[in-house]
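Student: Encoded as C-alpha cells, here's the structure I'll be asking about.
What follows draws every value from the coordinates through simple rules; no lab data is involved. Note that the structure is a prediction, hence the values are computed from the model and not measured. Glycine also receives a Cβ, built like all others from the backbone with ideal geometry; neighbour counts cover every protein chain displayed.
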Amino acid sequence: MEKWTPRHEAPEPLEGPVVPTIVGGTILWFVLFLAQLPFYGWFDDHGHLWWLWTCLAGGGLGLIGIWYVRKRDAAIKRDAATRNAPASQG
C-alpha cells in the first residue's frame, strides 16, 4: 500500500472569478434550452428529447450553483475581513 501514498503536499486550490463563471455557465444552459425549444417536435420524433431536458436541468442546477457560490464568496470575504480587523479593545 505504500506505493500509493502521496509523497508531497497537495497544492492549494485555485481561486478565480467563481461567481461569474457559474453565472455564465447557467446562462449558457438556458440559452441552449431556449435555442432547442422550437425543435421540440424533431427531438421527440428522433428520440433526442433528453437533449432539451438536459439543458433545462443544467440551468436549474446552475441556479442552485449561483446561490451556493455567492454564499461561499460572502463567507470567504467575511472571514478575510475579521482576520484583517484589529482586535477591539474593551
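Student: Is it the case that some residue within the stretch 37-50 is without any contact (Cβ under 8 Å) to a residue 60 or more places away in the chain, small (Gly, Ala, Ser) and at negative phi? Quick ask: steps written out before the conclusion?
Tutor: Looking only at the stretch 37-50, we keep the residues that are without any contact (Cβ under 8 Å) to a residue 60 or more places away in the chain, and these are 37-50.
Next cut, small (Gly, Ala, Ser) only: 41, 47.
Remaining after also requiring at negative phi: 41.
Within the stretch 37-50 (the criterion being without any contact (Cβ under 8 Å) to a residue 60 or more places away in the chain, small (Gly, Ala, Ser) and at negative phi), the answer is yes, since at least one residue qualifies.
Student: Which of the residues belonging to the stretch 51-90 are among the aromatic types (Phe, Trp, Tyr) and either in contact (Cβ under 8 Å) with a residue 60 or more places away in the chain or farther than 29 Å from PRO13 by Cα (or both)? Write out each step before concluding.
Tutor: From the stretch 51-90, those among the aromatic types (Phe, Trp, Tyr) are 51, 53, 67-68; that's our starting set.
Hits for the stretch 51-90 are TRP51, TRP53.
Student: Checking the structure you have, find out if any residue of the stretch 67-78 is small (Gly, Ala, Ser), part of a helix (DSSP H, G or I) and loosely packed, with under 10 Cβ neighbours inside 10 Å.
Tutor: Within the stretch 67-78, the first condition is being small (Gly, Ala, Ser), and the residues that meet it are 74-75.
Within this subset, residues satisfying the condition of being part of a helix (DSSP H, G or I) are 74-75.
With the extra rule that they be loosely packed, with under 10 Cβ neighbours inside 10 Å, the set shrinks to none.
There is no residue in the stretch 67-78 that is small (Gly, Ala, Ser), part of a helix (DSSP H, G or I) and loosely packed, with under 10 Cβ neighbours inside 10 Å.
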